[in-house]
Amino acid sequence: MTAAGKFRYIFAIAIMALVTIMLVWSPAEAGTKKKTRKSKIRQVLFLDTGLKLTYDSNIIRYSDADLDIYDFNLDPGKFAIKSKDDWIITPRLETRLKGKLLGGRTAWIGLDYDYFHYARNDVRRFQKLGAFGRHYFMRGGYLEIDYQYIPDYYYRNEPYQNSFVEARFSKHFVKFETGFDLKPSLKADVSYIYQRKIFNREVSERDLKINAISLDGIWRASPKFKFWVYYDIEKAGAAGADYADPNIIDVSYDAWDITGGVRFYTGVLGQLRPELVATLQFRQIKFQTLKYGYDDYRFGRKDDNFRFVVGTSLLLPLATRFDIDYNYQQKNASLPDPALEKSLNYKAHSISFGLRRSF
């Protein structure tokens, strides 16, 4: 059994264990009426479901120069995709169990699963599995741990021995977070995040260890407006940095980003209770390779990335939420040789339609 297969097997066992705990973690009044018992179970078990359909204009985030090569089939080995755009179907399932732990305070444990099904490009299909837990140590104050795992993710084709090979990686993500209610309308949290990307042997110099710190603030300014700001700093060290061979690339980088957002709770359309949301993110990446003259695409390179999202959410019958989101992304790279920048810059947009319901 492969490592990914073993993880899926363990994850399935964990799901069954969680369901078993749910069934036995019931109030002592097990002999009361059925209606009361269902009500008690619903107070400790929560299930969130979702289904999203997304159209993405540039699924690999190729530059315009690369897309020209793809469109005219000038270098077939460089690409594994069947189309530069695609429709993506994403089902999501999250289950949470609520109870009392240390000091009789509220705690959560949960599991989540996402699957990303690309309609045409099967090489891009992947799944994400996760587990999380949260414990409140005071009113409005909590500690949380979140773990996410992607067994296999296609990045893109990369040069290898005078040809190209599919670059793929597995990814581990761990986040430790603590949050507080500074006041009833103002929340803040701070997180430490560790990520590990492990590529296939042919491109193992791309293996990354990433450390990041995130600071978040959310302000409910009024019943109709909510604002938030996120700030992150990130440092990534690549395996290629440890090789003296100048021909082995070093993709190490430092990065920071800031995201601002607003949500408007409208009072129109009656029971539909529409919400409008918009976010804007700026992310800057500075590559750290010292291999001058051997990696012209990374030495002295700085990327400015922009992302803008606008959307709406409507409340449908059966407590179902219908979401529509538009996402625009753009990269502007800066290099000592400006002629190379067009091979890195890209623009992409996507539109998503989703349904969410909690049980």
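Remarks
- Qualifying residue in segment 60-72 (condition: farther than 26 Å from residue 325 by Cα, surrounded by fewer than 18 Cβ atoms within 10 Å (Cβ to Cβ), free of Cβ contacts under 8 Å to residues at least 12 places away in the same chain and of a type in the set (Val, Ile, Thr)): yes
- Some residue of segment 188-202 being crowded, with 18+ Cβ neighbours inside 10 Å, touching a helix residue (DSSP H, G or I) at 6+ places or on another chain (Cβ under 8 Å) and either outside any strand (DSSP E or B) or in contact (Cβ under 8 Å) with a residue 12 or more places away in the chain (or both): yes
- Residue match in segment 245-264 (condition: surrounded by fewer than 17 Cβ atoms within 10 Å (Cβ to Cβ), modelled with pLDDT under 95 and among the small types (Gly, Ala, Ser)): no
- Of residues in segment 222-244 being surrounded by 14 or more Cβ atoms within 10 Å (Cβ to Cβ) and among the basic types (Lys, Arg), the one farthest from residue 196 (Cα to Cα): 226
- Restricting segment 180-212 to residues that are under 22 Å from residue 137 (Cα atoms) and of a type in the set (Val, Ile, Thr), the residue that is nearest to the chain's Cα centre (by Cα) is 193.
The values are calculated or read from the model by the stated rules, or taken from the named source; none is laboratory data. Please read these numbers as outputs of a predicted model, since none were measured by experiment. Methodologically, a virtual Cβ is constructed for each residue, glycine included, from the backbone with ideal geometry; neighbour enumeration extends over all protein chains shown.
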